[in-house]
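Scroll down for the structure; my scribbles are underneath it.
The values are calculated or read from the model by the stated rules, or taken from the named source; none is laboratory data. Bear in mind that the values here come from a model prediction, so they are computed numbers and not experimental data. Neighbour counts are summed over all protein chains in view; Cβ atoms, including those assigned to glycine, are modelled from backbone coordinates with ideal geometry. We work out accessible area using only protein heavy atoms, side chains counted, and drop any ligands, DNA or RNA first. Shrake-Rupley method; radii C 1.70, N 1.55, O 1.52, S 1.80 Å.
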Amino acid sequence: MNPIVQFVWDDDADISLGLPHYATSGAAGADLKANLANRLDLVVESGARTLISTGLRLAISPGFEVQIRPRSGLALKYGITLANAPGTIDSDYRGVLGVILLNTGSDSFRVNHGDRIAQMVVSPIVKADFLLVDELNQTTRGHGGFGSSGKN
């Protein structure tokens, strides 16, 4: 059974931009658009980050989350990524869906009203049981971390 994501528009949203959609039949992520309240472009300076509204609020089927991920073309061409990639939207969140754009490029970046700024992926959640134990089982890797398994 496919999860359901329900949407409502925020009060000042431009509904003509439409709901998120999958650009191709094989796309894992649905495109999210900048829904700027004043309909004016905004500039993200090099090294800066800003919260951009999609104009949407959502409800996700229990047992699922929405992950907000960068668009690869924006990352490659302009250095635009997300400050908290992937961002997680929990199934009980009902606020406006926002995207925290981060400009890692050397030039300022203009965001136009209606631009595709990120993608959302709906994903199942697995909840863990957390246990306190006296000791952990041993592994070959042991305490090694941060590159300890090799360069390649």
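What to note about this one:
- Overall, segment 31-87 carries a charge dipole of about 80 debye about its Cα centre when +1 sits on the Cβ of Lys and Arg and -1 on the Cβ of Asp and Glu, all other atoms neutral.
- Among the chymotrypsin sites (Phe, Trp or Tyr not before Pro) found in segment 1-95, those both in a DSSP coil and sparsely packed, with 15 or fewer other Cβ atoms within 10 Å of their Cβ, are Y93.
- Summing +1 for each Lys or Arg and -1 for each Asp or Glu among the other residues whose beta-carbon sits under 14 angstrom from that of A13 gives -1.
- Counting only protein heavy atoms and a probe of 1.4 Å, the accessible surface of segment 111-152 is 52% carbon and sulfur.
- Rounded FRET efficiency, nearest 0.05, which uses the C-beta distance separating S16 from V43 and R0 of 25 Å: 0.60
- The chain - percent relative contact order, Cα under 8 Å, separation 6 or more: 29 percent
- Cross-link partners of K33 among aspartates and glutamates (Cα-Cα below 16 Å; sequence separation of 8 or more within a chain): D10, D12, D14, D41, D115
- Anisotropy class of segment 75-123 from Cα gyration tensor, a/c 1.5 cut: prolate
- Accessible area in square angstrom per residue, the chain, 1.4 angstrom probe: 68 Å²
- Values of log10 I(q)/I(0), in the order q = 0.21 Å⁻¹, for the chain under a Debye, Cα-only, solvent-free model: -1.31
- Net +/- balance of residues flanking V126 in space, Cβ distance below 15 Å, scoring K and R +1, D and E -1: -2
- Computed from point charges on the beta carbon alone (+1 for Lys and Arg, -1 for Asp and Glu), the dipole magnitude for the chain about its Cα centre is near 500 Debye.
- Heavy-atom accessible area order for L42, L58, L131, largest first, 1.4 Å probe: L131, L42, L58
- Farthest toward positive dipole pole in segment 68-141 [+1 Lys/Arg, -1 Asp/Glu at C-beta], among P86, G114, A75: G114
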